[in-house]
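Notes to accompany the following structure.
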Amino acid sequence: MAPTRVDFYFDPVCPYAWITSRWILEVEQHRDLDLRFRLMSLAVLNEGREGRPPESSRGMDSAWRPVRVGAALAEQRGEAALRDYYTAFGVRYHNQGIRPRDAVLTDALRELDATEFAPAADSTDYDDAVRASHREGIGPVGLDVGTPTLHVDGVAFFGPVLNSVPRGEDALRVFDGARLLAGYPGFFELKRTRPDAMTFE
């Protein structure tokens with residue numbers, strides 16, 4: 001039997017995407033997945049939205065910067081490099097709470113021996129690639145959602161949005177349940193109020 005194809009679309013700065021990413025990696029340890037990490041972008045998603053200042057006004061904290069670096073790494077070193085970059089960035093940014101984002105970028109690229117990719121953060125050379133990946137991730141789901149999105153054997157959905165990382169059998173049950181619901185053509189939403197507390201462990 002062929003592995004289950006899973007495309008996981010994320011923005012590095014989104015805390016919910018980070019939790020979901022650690023969950024799908026947990027699932028990968030116990031299931032035969034063909035798992036690909038792909039970029040989507042909060043900067044693209046929020047363009048022109050009322051009350052949202054343009055990302056260009058945020059300087060070094062612009063959400064464009066981490067995704068541009070990710071796109072450069074993916075293009076030049078492949079998907080595995082993007083996955084490693086996300087882990088290096090996310091552990092610092094989400095788990096350790098390091099700020100500002102530029103310090104996180106610098107440290108993550110140093111860990112990966114990829115400091116030559118730092119200038120990509122402030123270049124528009126990879127913006128088209130980011131936008132294209134974003135469209136691929138969100139297009140089949142709809143424009144009224146956010147990050148992350150998951151595509152499982154061609155079935156795409158927003159989330160799952162989690163406030164902690166399911167482990168072991170819990171991780172597999174969440175995966176099976178999300179896949180089952182998303183696979184039913186008439187299903188479109190299951191939601192409740194988000195709790196205030198989040199944990200990245």
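Is it true that LEU181 is under 20 Å from the mean Cα position of the chain (by Cα) and of a type outside the set (S, T, N, Q)?
The answer is no for LEU181.
Do you know which of the residues in the stretch 39-76 that are open to solvent by less than 60 Å² (accessible area, probe 1.4 Å) and outside any helix (DSSP H, G or I) is modelled with the lowest pLDDT?
Taking the candidates together, the pick is ASN46.
So VAL6 ticks every box in (1) open to solvent by 10 Å² or more (accessible area, probe 1.4 Å); (2) closer than 24 Å to ARG179 by Cβ; (3) out of contact with any Phe, Trp or Tyr (no Cβ under 7 Å at 6 or more places or on another chain); (4) not in a helix (DSSP H, G or I) but one. Which box is left unticked?
(1)
Residue by residue through the stretch 173-201, note down the ones that are over 16 Å from HIS151 (Cα atoms) and aliphatic (A, V, I, L, M).
LEU190, ALA197, MET198
Take GLY90 and decide whether it is open to solvent by 30 Å² or more (accessible area, probe 1.4 Å) and either in a loop (DSSP other than H, G, I, E, B) or farther than 18 Å from ASP7 by Cα (or both).
no
Would you confirm, using the coordinates I've provided, whether ARG65 is in contact (Cβ under 8 Å) with a residue 60 or more places away in the chain and among the basic types (Lys, Arg)?
no
Restricting attention to the stretch 112-121, which residues are more than 20 Å from the chain's Cα centre (by Cα) and part of a helix (DSSP H, G or I)?
THR115, GLU116, PRO119
When you check VAL161 against the structure, is it modelled with pLDDT of 95 or more and touching a helix residue (DSSP H, G or I) at 6+ places or on another chain (Cβ under 6 Å), yes or no?
In short, no.
Within the stretch 94-148, which residues are in contact with a helix residue (DSSP H, G or I) (Cβ under 6 Å, 6 or more places away or on another chain), charged (D, E, K, R) and farther than 20 Å from CYS14 by Cα?
Once the filter is applied, which keeps residues that are in contact with a helix residue (DSSP H, G or I) (Cβ under 6 Å, 6 or more places away or on another chain), charged (D, E, K, R) and farther than 20 Å from CYS14 by Cα, the stretch 94-148 yields only GLU111.
Residue by residue, here is whether (1) of a type in the set (A, V, I, L, M, F, W, C); (2) open to solvent by 20 Å² or more (accessible area, probe 1.4 Å); (3) within 13 Å of the chain's Cα centre (by Cα) holds:
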residue	(1), (2), (3)
ARG131	no, yes, no
VAL141	yes, yes, no
PRO148	no, no, yes
VAL161	yes, yes, yes
ARG167	no, yes, no
ASP170	no, yes, no
PHE175	yes, no, no
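Might you check whether a residue that is touching a strand residue (DSSP E or B) at 6+ places or on another chain (Cβ under 8 Å), over 17 Å from PRO100 (Cβ atoms), part of a strand (DSSP E or B) and in contact (Cβ under 8 Å) with a residue 12 or more places away in the chain occurs anywhere in the stretch 17-33?
Yes, because at least one residue in the stretch 17-33 is touching a strand residue (DSSP E or B) at 6+ places or on another chain (Cβ under 8 Å), over 17 Å from PRO100 (Cβ atoms), part of a strand (DSSP E or B) and in contact (Cβ under 8 Å) with a residue 12 or more places away in the chain.
The values are calculated or read from the model by the stated rules, or taken from the named source; none is laboratory data. The shown structure was predicted, so the numbers you read here are calculated from the model rather than taken from an experiment. Glycine gets a Cβ as well: all are built from the backbone with ideal geometry, and neighbour counts include every protein chain shown. Only protein heavy atoms, including side chains, enter the accessible area calculation; ligands, DNA and RNA are left aside. Shrake-Rupley method; radii C 1.70, N 1.55, O 1.52, S 1.80 Å.
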